[in-house]
Amino acid sequence: MIEVRLRHVLFLTVSATLVLIYVVWWATYASTHQGERFTQLPPGRPAESADATITLLSLVQAPELVDAKGGDPVSPDPGAVWVVAGMEITKHRARDQFLCGFAAIGPERRIWEGSSPYVERAVNNCDEDEMVVGQPYPFEAIFMVPQRYADQLAGIAPIDHSRAKRAPILVPR
């Protein structure tokens, strides 16, 4: 009788230990791979993929965005500043859906997605329909960033959730 109880206790202990190991493994994997992951590129180095080469040409702050057609300038929210990333994409091949998602990467993994202020700019936004394979396509990505973090940006990263690779952080020369 004691031997049967000992087997049950041993079975339950081994089962609980295996479940605990699996839960710890899964939590570690999920915390590592489910959030955005980045890798910093040297200044001026483009991000290369099978689909395109993306280069960050400039990264400037602006207290307001000027309308290229003479409209009213657009100011950011109080306590924020516009960050304008001058970029260039050269597509290597046609793809059904080319993602034009970019984020400004700040300190302590802070991320600011691109903004779409109502202002006409001299340079286009990222527009897949305008890109021609093999030809450089200049565009601007605009971000509204809190003033206190604007000088601490690590750079701009293309965001593509369809791939598991780390997103490169681009820095201008």
Any residue that is surrounded by 13 or more Cβ atoms within 10 Å (Cβ to Cβ), under 17 Å from the mean Cα position of the chain (by Cα) and of a type outside the set (Ser, Thr, Tyr) - is there at least one of those in segment 58-70?
yes
Sole exception among (1) touching a residue at least 24 places away in the same chain (Cβ under 8 Å); (2) out of contact with any strand residue (DSSP E or B) (no Cβ under 9 Å at 6 or more places or on another chain) for Ile89, by number
(2)
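So that you can scan it fast, the table gives a plain yes or no per residue for (1) in a strand (DSSP E or B); (2) out of contact with any helix residue (DSSP H, G or I) (no Cβ under 9 Å at 6 or more places or on another chain); (3) within 30 Å of Pro172 (Cβ to Cβ):
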site	(1), (2), (3)
Arg5	no, yes, no
Ser15	no, yes, no
Thr28	no, yes, no
Leu56	yes, yes, yes
Lys69	no, yes, yes
Asp77	no, yes, yes
Give the residue, chosen from Ala50, Ala30, that is under 19 Å from Lys165 (Cα atoms), hydrophobic (A, V, I, L, M, F, W, C) and touching a His at 6+ places or on another chain (Cβ under 7 Å).
Ala50
Inside segment 148-173, the number of residues satisfying the requirement of being closer than 14 Å to Trp112 by Cα and surrounded by 14 or more Cβ atoms within 10 Å (Cβ to Cβ) is 10
Could you list, in sequence order, all residues of segment 71-124 that are over 23 Å from the mean Cα position of the chain (by Cα), among the acidic types (Asp, Glu) and at pLDDT 85 or above?
Asp72
Selected residue (criterion: farthest from Ala62 (Cα to Cα)) from residues of segment 150-169 that are outside any loop (DSSP other than H, G, I, E, B) and modelled with pLDDT of 90 or more
Pro168
Out of Pro138, Pro172, Pro158, Pro168, report the one residue that is touching a residue at least 60 places away in the same chain (Cβ under 8 Å), in contact with an Asp or Glu (Cβ under 8 Å, 6 or more places away or on another chain), under 17 Å from Thr55 (Cβ atoms) and not small (Gly, Ala, Ser).
Pro138
Conditions first: (1) more than 15 Å from Ile156 (Cβ to Cβ); (2) surrounded by 14 or more Cβ atoms within 10 Å (Cβ to Cβ); (3) in contact (Cβ under 8 Å) with a residue 60 or more places away in the chain. Val119 passes all but one, so which condition is the exception?
(3)
Condition first: outside any strand (DSSP E or B), under 15 Å from Glu108 (Cα atoms) and either of a type outside the set (D, E, K, R) or under 12 Å from the mean Cα position of the chain (by Cα) (or both). Now tell me which residues in segment 140-149 satisfy that.
Tyr149
Considering every residue within segment 89-109, establish whether at least one is exposed (fewer than 10 other Cβ atoms within 10 Å of the Cβ), assigned to a loop (DSSP other than H, G, I, E, B) and not basic (Lys, Arg).
yes
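The values are calculated or read from the model by the stated rules, or taken from the named source; none is laboratory data. Nothing here was measured: the structure is a model prediction, and the numbers come from that model. Cβ sites come from the backbone with ideal geometry, for glycine too, and all protein chains shown count toward neighbours.
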